[in-house]
Amino acid sequence: MLIERAMTAVLRRLDRKYTRLEQIGHVIDIPKGDPEKHLMLYLHVPFCVVLCPFCSFHRVRYKKDRAKQYFSTLRKEIRLAHDAGFRFGEIYVGGGTPTCNVAELAETLELAQRLNPIRQVSIETNPDDLVMDELKILRDAGVNRLSVGVQSLEDKLLHEMERQEKYGNSAEIRERLAMTQGIFDTLNVDLIFNLPHQSLDSVMRDVDILTREIEVDQISCYPLMGATTTTLRMKREMGNVTYNRERVFYEAILDRLPETYQPSSAWCFSKHQSLIDEYIIEHEDYVGLGSGAMSYLGGTLYAASFSINRYIRLVEAGHSGITRMSRFSDKDQMRYNFLMTFFGLKVNKAQMEKRWDGRFEKTLWQEFAAFKLVGAIRDDGENWILTRKGMYYWVLMMREFFIAVSNFRDLMRLGIKSELDPEDLEELSKSATLLAKAGK
């Protein structure tokens, strides 16, 4: 635990630095793209019918008219990105719940595919949206990978997460997953481990049901990643959030998975070659469109306005929705590459050194030395490879990275109180106080 605690302390300090995006004091246009490069396109749909207490993503309660207006603006932003020279080869749609309005989503995907040489489309959804008619619409709209946020198959935990009434009980979810299996190239199911009141036996049952009974194509097992607001709300509604059991859960999952499921990343396991949730692993540069979406281009991290009202005004006027940015130094870009590429388990040495003119390992010699010393990375001559021990350390680092991003989201959401639901506001105010203290 000493290594994990030391890593967590260092990472929290660094992640606060990297996710401190400065306000842009003027309206900007979408940055210029290179039509010869086919990037990853992330689309954010910030609407949910139920606001789950563990979720730190940018989301508001779904209202049909509001969502239709938003999708219309999102399509305009896709056209603006095309006019700026961007071309995309893959699409990932996250939220929120992208399938809150399937007809609008399908129209948006059709436009993106008409303007770009799209090869893969991945979208997130919830169990209650696994309805055959809508699944066929998504399949016909070009969706290759459907990722279902199940989180747990234990009814008690589903009730604590306020998901059972809306998204169904364990038996209903299992039935819907079994019906959906085979419709898309890849059916992924998301699980969360290390929830308060969650037992090891519960996680093992979930893994067995998904991989041995239903045999989904892919399973992604995430540690609970509680931003400050999320942790406060979960403490009140579910129990204390701690990380003392996290490694035990993770090691048990690795041991429990059938041999047919091989790791695609440190927390994603697939039966065959598949897209994965962490598109930032395979794509150094990516473009995010939509309110609250983030982009990484040429060493600069951008964030679009978290105010849906402002986002719509900016894009409808022909501007970018981007309102914040942070430029990374060369060393910080290398550290970002180090974190993201190793999460994909293997890094080709020649390619990475070519990318950085032979400076990658020399510049990050301390990071390489530390992780080799603890047995997290091995070198086979051609590649740097993450060991089993290293897989957990990268889960820990990605957990801290996403917590930092979620804390940034919390701060941005503080500026849009009038657009949020009342139940979000108390936690946001408490979160602001704690984040201000942490930043000193």
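The values are calculated or read from the model by the stated rules, or taken from the named source; none is laboratory data. From a predicted model like this one, the values you see are computed outputs, not experimental measurements. Counting neighbours? That spans all protein chains shown, and the Cβs are built from the backbone with ideal geometry, glycine included.
Worth pointing out:
Table: residues versus (1) within 30 Å of GLY142 (Cβ to Cβ); (2) at pLDDT 95 or above.
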| residue | (1), (2) |
| --- | --- |
| ILE183 | yes, yes |
| ASN188 | yes, yes |
| PRO196 | no, no |
| ILE219 | yes, yes |
| LEU224 | no, no |
| ARG233 | no, no |
| GLY239 | no, no |
| LEU254 | no, yes |
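- Residue within segment 170-192 that is surrounded by 15 or more Cβ atoms within 10 Å (Cβ to Cβ), in contact (Cβ under 8 Å) with a residue 60 or more places away in the chain and more than 20 Å from LEU135 (Cβ to Cβ) present: yes
- PHE368 being without any contact (Cβ under 8 Å) to a residue 24 or more places away in the chain, crowded, with 16+ Cβ neighbours inside 10 Å and not in a strand (DSSP E or B): yes
- Close pairs from segment 29-51: first more than 20 Å from SER122 (Cα to Cα), partner of a type in the set (Phe, Trp, Tyr), Cβ under 7 Å, at least 6 apart: GLY33/PHE86; VAL49/TYR62
- The residues listed here are LEU135, LEU109, LEU80; of these, the one that is crowded, with 16+ Cβ neighbours inside 10 Å, within 17 Å of TYR70 (Cβ to Cβ) and more than 21 Å from the chain's Cα centre (by Cα) is LEU80.
- Taken across segment 23-42, residues that are buried (at least 18 other Cβ atoms within 10 Å of the Cβ), of a type in the set (S, T, N, Q) and not in a helix (DSSP H, G or I) do not occur at all.
- Single condition SER264 does not satisfy, out of (1) of a type in the set (Gly, Ala, Ser); (2) at pLDDT below 95; (3) in contact with a strand residue (DSSP E or B) (Cβ under 8 Å, 6 or more places away or on another chain); (4) more than 21 Å from LYS346 (Cα to Cα): (4)
- Near pairs, Cβ below 6 angstrom, 6+ apart or cross-chain, from segment 322-334 (touching a residue at least 24 places away in the same chain (Cβ under 8 Å)) to any residue that is assigned to a strand (DSSP E or B): ILE322/TYR302; ILE322/ALA304; ARG324/GLN23; ARG324/ALA303; MET325/THR300; MET325/TYR302; SER326/LEU301; ARG327/THR300
- Qualifying residues in segment 322-344 (those that are out of contact with any Lys or Arg (no Cβ under 9 Å at 6 or more places or on another chain) and more than 16 Å from PHE368 (Cα to Cα)) - the one surrounded by the fewest Cβ atoms within 10 Å (Cβ to Cβ): SER329
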